[in-house]
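The values are calculated or read from the model by the stated rules, or taken from the named source; none is laboratory data. These numbers were taken from a predicted model, which means no experiment stands behind them. FYI the Cβ positions are ideal-geometry reconstructions off the backbone, even for glycines, and counts take in every protein chain you see.
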Amino acid sequence: MFERTGGLWSQRTKLTASAAASGDEFGTSVSQDEGWIAIGAPGEDNEGLSLSGSVVVLQTGPESPP
């Protein structure tokens, strides 16, 4: 995640998937709104379902859930 201060951008933190595997495509899609971020991994295999995909939702600010 990047933060802009004045006219300069700096990396604030790096988001990674703890159980990422090759081909998961973690981070292919990202959406951020009001203190929340959703990160897609369309290539992830879940419970025997090939390429079923997943999304990770993280709170990035003090706002309460929608």
*When you scan region 10-35, how many residues do you find that are touching a Phe, Trp or Tyr at 6+ places or on another chain (Cβ under 7 Å), part of a strand (DSSP E or B) and either surrounded by 10 or more Cβ atoms within 10 Å (Cβ to Cβ) or of a type in the set (Asp, Glu) (or both)?*
0
*Scan region 35-53 and give yes if some residue there is among the hydroxyl-bearing types (Ser, Thr, Tyr) and in contact (Cβ under 8 Å) with a residue 12 or more places away in the chain, otherwise no.*
no
*Output the residue which, of all residues in region 43-53 that are surrounded by 11 or more Cβ atoms within 10 Å (Cβ to Cβ) and either modelled with pLDDT of 85 or more or on the phi > 0 side of the Ramachandran plot (or both), is farthest from the chain's Cα centre (by Cα).*
Leu51
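Residue-by-condition table, conditions (1) out of contact with any strand residue (DSSP E or B) (no Cβ under 7 Å at 6 or more places or on another chain); (2) not basic (Lys, Arg):
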| site | (1), (2) |
| --- | --- |
| Gly7 | yes, yes |
| Lys14 | yes, no |
| Asp24 | no, yes |
| Thr28 | no, yes |
| Ala38 | no, yes |
| Asp45 | yes, yes |
